[in-house]
Amino acid sequence: MLSIINAVSDEKVFRETLQLVKFWAMRKNIYSNILGYLGGVSLAIMVARVCQENKYVTQSAEMFFQFFKFFAEWNWPQSLGILTDNLNLAALKQIDKDVSLYDIMPVITPSYEARVSTYRITRSTFEVITKEIRLAREKSEKAGL
């Protein structure tokens, strides 16, 4: 977790946003790595990447909505990871070539030997996850956020 925290510019916004996203995922019943949904590590990596992409956002509530906007538009199965000393865009492109055909939603760990943290996600759980992300984005846009 330390390498994830070190990759973001505002630790407080990251931690608060991660709490919001985890709560949202629990309420939508898509927070369970064992059942083929998103686990804590995967969500932490996803939130950290959104924080990296929106480093000037200073409010966790706004970052929470940026999370849905970002992932509603992400081109899965393109690999997603946070940018660190060990993992950069070139490394992610290489990982994209190496990712198994079975990896539907590859979220890559920032460790030295990068791994897919979402290897249990299936086609059906992927559909549920992406549907909930799109619904959350639509609701936030309707609310004017």
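Annotation note: trypsin sites (Lys or Arg not before Pro) in the range 2-66 located in DSSP loop regions with a Cβ neighbour count of at most 14 within 10 Å are K55. Largest GNM mean-square fluctuation across N33, N54, N75, computed for the chain with C-alpha springs under 10 Å, falls on N75. In a fully extended conformation the segment linking K142 and A61 would gain 27.6 nm over its present Cα-Cα distance, using 0.36 nm per residue. Scan (1) 49, 47, 25; (2) 61, 44, 28; (3) 40, 34, 23 for the value of Cα extents along the principal axes in Å calculated from this model and give just the label. Given (1) 49, 47, 25; (2) 61, 44, 28; (3) 40, 34, 23, the calculated one carries the label (3). This model, with +1 at the C-beta of Lys and Arg and -1 at the C-beta of Asp and Glu, gives the chain a dipole about its Cα centre of some 420 debye. All Cα-Cα distances of the range 1-58, cut into 5 Å bins from zero to the largest, leave 4, 21, 30, 21, 15, 8, 1 percent in each bin in turn. Exposure here means at most 13 other Cβ atoms within 10 Å; with GluC sites (Glu not before Pro) in a DSSP loop as sites, the longest stretch of the chain lacking them is 1-72.
Bear in mind these aren't lab numbers, they're just calculated from the coordinates by the rules spelled out. Note that the structure is a prediction, hence the values are computed from the model and not measured. Cβ: placed from backbone, ideal geometry, glycine included. Neighbour counts: every protein chain shown.
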